[in-house]
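Structure record follows, encoded as structure tokens.
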Amino acid sequence: MSKFSINNLECIRQNNILFKGLNLSMEDGGLLQINGANGSGKSSLLQICAGLIQITTGEVLWNNININQRRYEFQNNILYIGHTNAIKATLTVEENMTIIHSLTGSKSKINYSTILKKIGMSGMNKIFPYNMSAGQKRRLGLTRLFMTKSKLWFLDEPFNALDKEGKKIIENLIINHCAKGGITIFTTHQKMEIDGYPLQSIHLRNNNV
Amino acid sequence: MYKWIHQFGSPKYFYDISLHLSKWVTIVCIVCFIGGLYGGLVLAPADYQQGDSFRIIYVHVPAAWMSLFIYVILATSGAISLIWHIKITDIIARVSAPIGASFTFLALSTGAIWGKPMWGTYWVWDARLTSELILLFLYLGYIALQSAFDDKRIAARAGAILALIGIINIPIIHYSVEWWSTLHQGPTITKLDKPSIHLTMLIPLILMVIAFKTFYIAIALIKTRSEILKYECNSSWVKKILGN
Amino acid sequence: MSEYINIFNVILKRDLMLAFRDKTDFINSLIFFIIVITLFPLTFGTKSTIVNEIIPGMIWISALLATCLSLETIFRSDFEDGSIEQLTLSRYPLTLLVSAKIFAHWITFGMPLIIISLLMGILLSLSNEIIIALFITLILGTPILSLLGSVMVALTIGLRGGMLLNLLILPLSMPVLIFSTVAIQNAALNQSIIAETYFLAGILVLAITLAPLATATALRIRLS
Amino acid sequence: MSLNNFFSMGGYAAYVWSAYGISFIVLFLNIFLAVRNERKTIDELKKRLGSNNK
């Protein structure tokens, strides 16, 4: 049983208090959405969870150990996808995927075509992303979800730019992951429902939660 | 150690201590300054080689020492804030940098003024002056980097890295410049370095060094206090102070 | 261990591929380098004494300026598209990944720069001793510039004010410039350049050990 | 040492006094800026505090 928790978190950006006294605790199978208006600190909260932003007050714990104490052990367990796709326009889809795969540390060979088929981009192996639409780029960025073995997923606006079919694919992936004991935290503009899985949610308003 | 640092790093504690400290530091500074000036400008006999022009030493040398000293402060407080994330050291580094830059400028300009009667020109590519000039560039870079950030915490930590790299680099810079200047000029200018100095000349120099050091501390304390007030403007103790 | 070597190679290959797919950046800075060098004979004349005295130092100054121009490419695109977050949060030490990126920058920029310098030296008919000294100092000095530069780029990338990077790098790279030009002047006088070579090698070792660590720390700070 | 001697500095008056002049200007500027900054900060904070209480 693993546990991800946040204690008494406070975040100040540019002298504005984004949130204060935030507590959160998630166990295996937990699914959490963070929603709120632009500038309410959704992305900041997600980045704090992933350990990108260092905090001054409060702590982020993974299995009751502060994530800064065993950083690489923690990083071995997480997958973070920001609102940017982190793909290179001048590398082909396959080349991009190879790099993503190598960074996960997995030794097995990847089957490009299978993954691309699952994400709905069959036959685009040799295409350069600069020729692709925003939705396709987002899908390519989200192929990380197929290649990772991490238990904790932090997804910043995963459904952005995706069409209905794409949203469904990602939703199913997330549900599958959580059903198998993974933990997912994602952000959205608007509160959304996910069918067939219990979903916690927090809403960020300015200055209070 | 950790606990002590955190207690010392607590803004309120530092604020209270610094108020007491400020008083004493200012008194020491004024006494040493007057004593040093009187000793240096009136009591000390003229140098047998340089005549009265050597009296510039009483501002040049303390300024040069302080310019290096403050850079060391930048680097050490940078290291502390990188390791322990302490606000006070962030603030100390930020307020010290302009003071350090002004001392570096002072050391350079008094050095150049001194150079005119000594070497016949204002600027000589002497190893010490050249490294001092590069030190000024380092200070300016540090200040520019800090002011480019909106978030002061990030600015402090980025500055800390720069200061640490700078402090590793300073001995290398100094050595390389010395290496270069001996090759180009030969070791001609040693008058500035180690004058076998008479006691009546030395005591005012020591007084002036103390005066400059306490001056820096006094100014840094004033600036640190106002920065603390800005940081902590929402806490109750600050409101209490401002209420009075 | 082999895992670490493997990921180093992956990142190295990635950055080399990126550089070759989008050549404009480093080719432009190399062209800038060549143009600046040709300016010097045009201003100082082509008497062989002047050429031998001034040109090697000028090649070094041009190399320094061109490096400043090219450095941003180490992290610019990674910063814009969020790759740097992925590298930071990967299971591998950021220091290692960053070293691979710096090495890639040196291969795509430092190495061509050395070759061009030697060609320019031959074209401008510098003496053999000077060309050898130029080669030795450049091969030790350009990696130092890449390493030192990567830290400064990590600190300044994406900040307003593009001159800031140069303002930070130039004073810090003074020792490299000084030892290199002193070595070349010694070579011109047929004197030994061993001492300067050792100094440069020492600085290089120091930079290799410290710069990737400092770059990684700087990147983490910038992301927060 | 007469006052005249003191001011002429053995013929180096221009150098010595200009060096000291610059020093005083720099030191004074440091004090001035620090104190002005302190006053401004306190005034600003007091104003903010006052408007919060109303």
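The values are calculated or read from the model by the stated rules, or taken from the named source; none is laboratory data. What you are looking at is a predicted structure, and each value in this text was computed from that prediction instead of being measured. Here the Cβ is made from the backbone with ideal geometry for all residues, glycine too, and neighbour counts use every protein chain on show.
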Kindly indicate whether A:Ile99 is modelled with pLDDT of 90 or more, crowded, with 17+ Cβ neighbours inside 10 Å and closer than 28 Å to C:Thr88 by Cβ. yes
Output the number of the condition that C:His105 fails; it satisfies all remaining conditions of (1) crowded, with 18+ Cβ neighbours inside 10 Å; (2) over 17 Å from the mean Cα position of the chain (by Cα). (2)
Among (1) among the aliphatic types (A, V, I, L, M); (2) more than 18 Å from the chain's Cα centre (by Cα); (3) crowded, with 19+ Cβ neighbours inside 10 Å; (4) more than 20 Å from C:Ala104 (Cβ to Cβ), which single condition is C:Ala218 missing? (4)
Where a residue in the stretch D:25-54 is closer than 16 Å to B:Ile222 by Cα and its partner, wherever it lies, is surrounded by 13 or more Cβ atoms within 10 Å (Cβ to Cβ) and among the aromatic types (Phe, Trp, Tyr), with Cβ under 8 Å and at least six apart: D:Leu27/B:Phe215; D:Asn30/B:Phe215
Would you say C:Leu164 is without any contact (Cβ under 8 Å) to a residue 60 or more places away in the chain and at the interface with chain B (Cβ under 7 Å from one of its Cβ atoms)? yes
Positions within the stretch A:146-173 being in a strand (DSSP E or B) and either among the aliphatic types (A, V, I, L, M) or touching a Pro at 6+ places or on another chain (Cβ under 6 Å) (or both), in sequence order: A:Leu152, A:Leu155
Which number in (1) under 12 Å from the mean Cα position of the chain (by Cα); (2) free of Cβ contacts under 8 Å to residues at least 60 places away in the same chain marks the one condition that A:Ser150 misses? (2)
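Every residue, every condition in (1) among the hydroxyl-bearing types (Ser, Thr, Tyr); (2) over 13 Å from C:Ile157 (Cβ atoms); (3) modelled with pLDDT of 90 or more, yes or no:
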| site | (1), (2), (3) |
| --- | --- |
| C:Ile61 | no, yes, yes |
| C:Ala66 | no, yes, yes |
| C:Leu69 | no, yes, no |
| C:Thr73 | yes, no, no |
| C:Asp78 | no, no, yes |
| C:Gln86 | no, yes, yes |
| C:Arg91 | no, yes, no |
| C:Thr95 | yes, yes, yes |
| C:Ala104 | no, yes, yes |
Please enumerate the residues belonging to the stretch B:59-97 that are surrounded by fewer than 20 Cβ atoms within 10 Å (Cβ to Cβ) and within 9 Å of another protein chain (Cβ to nearest Cβ). B:Leu82, B:His85
Residue set A:Gln69, A:Gln54; condition in contact with a Ser or Thr (Cβ under 7 Å, 6 or more places away or on another chain), polar (S, T, N, Q) and not in a helix (DSSP H, G or I); output residue A:Gln54
Take the residues in the stretch D:11-20 that are within 24 Å of B:Thr104 (Cβ to Cβ) and among the small types (Gly, Ala, Ser); name whichever of them is surrounded by the most Cβ atoms within 10 Å (Cβ to Cβ). D:Ala19
Which listed residue is farther than 24 Å from A:Glu27 by Cβ and within 17 Å of the chain's Cα centre (by Cα), from A:Ile127, A:Ile169: A:Ile169
Which members of the stretch A:111-145 meet the condition of being in a loop (DSSP other than H, G, I, E, B) and of a type in the set (A, V, I, L, M, F, W, C)? A:Ile119, A:Met121, A:Met124, A:Ile127, A:Phe128, A:Met132
Which count do you get for residues in the stretch C:134-161 that are within 14 Å of chain B (Cβ to nearest Cβ), more than 14 Å from the chain's Cα centre (by Cα) and part of a helix (DSSP H, G or I)? 3
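Yes/no per residue for (1) part of a helix (DSSP H, G or I); (2) surrounded by fewer than 16 Cβ atoms within 10 Å (Cβ to Cβ); (3) facing another protein chain (nearest Cβ under 8 Å):
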| site | (1), (2), (3) |
| --- | --- |
| D:Met9 | yes, no, yes |
| D:Ile22 | yes, no, yes |
| D:Val26 | yes, no, yes |
| D:Leu29 | yes, yes, yes |
| D:Ala34 | yes, no, yes |
| D:Thr41 | yes, no, yes |
| D:Leu45 | yes, no, yes |
| D:Gly50 | yes, yes, no |
Could you list, in sequence order, the residues of the stretch B:71-87 that are farther than 22 Å from B:Leu138 by Cβ, part of a helix (DSSP H, G or I) and of a type outside the set (A, V, I, L, M, F, W, C)? B:Lys87
For the stretch B:163-172, state whether one or more residues are buried (at least 19 other Cβ atoms within 10 Å of the Cβ) and either outside any helix (DSSP H, G or I) or among the charged types (D, E, K, R) (or both). no
Scan the stretch A:71-89 residue by residue and report those that are of a type in the set (A, V, I, L, M), farther than 22 Å from C:Pro93 by Cβ and in contact with a Gly (Cβ under 9 Å, 6 or more places away or on another chain). A:Ile87
Check the stretch A:74-89 and report whether any residue there is more than 9 Å from chain C (Cβ to nearest Cβ), under 22 Å from B:Ile83 (Cβ atoms), buried (at least 18 other Cβ atoms within 10 Å of the Cβ) and in contact (Cβ under 8 Å) with a residue 12 or more places away in the chain. yes
First in the stretch C:183-201 and buried (at least 17 other Cβ atoms within 10 Å of the Cβ) and assigned to a helix (DSSP H, G or I), second anywhere and among the polar types (S, T, N, Q) and at pLDDT 90 or above, Cβ under 6 Å, 6 or more apart: C:Ala183/C:Thr137
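Any idea which of A:Leu46, A:Leu103 is touching a Phe, Trp or Tyr at 6+ places or on another chain (Cβ under 9 Å), more than 9 Å from chain C (Cβ to nearest Cβ) and assigned to a helix (DSSP H, G or I)?
So the residue among A:Leu46, A:Leu103 that is touching a Phe, Trp or Tyr at 6+ places or on another chain (Cβ under 9 Å), more than 9 Å from chain C (Cβ to nearest Cβ) and assigned to a helix (DSSP H, G or I) is A:Leu46.
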Residue pairs meeting the criteria (Cβ under 8 Å; at least 6 apart or on separate chains; first more than 12 Å from B:Ser102 (Cα to Cα) and free of Cβ contacts under 8 Å to residues at least 60 places away in the same chain, in the stretch B:123-147; second of a type in the set (Phe, Trp, Tyr) and in a helix (DSSP H, G or I)): B:Ala127/B:Trp180
Given (1) within 15 Å of the chain's Cα centre (by Cα); (2) surrounded by 14 or more Cβ atoms within 10 Å (Cβ to Cβ); (3) part of a helix (DSSP H, G or I), number of the condition A:Asn176 does not satisfy: (2)
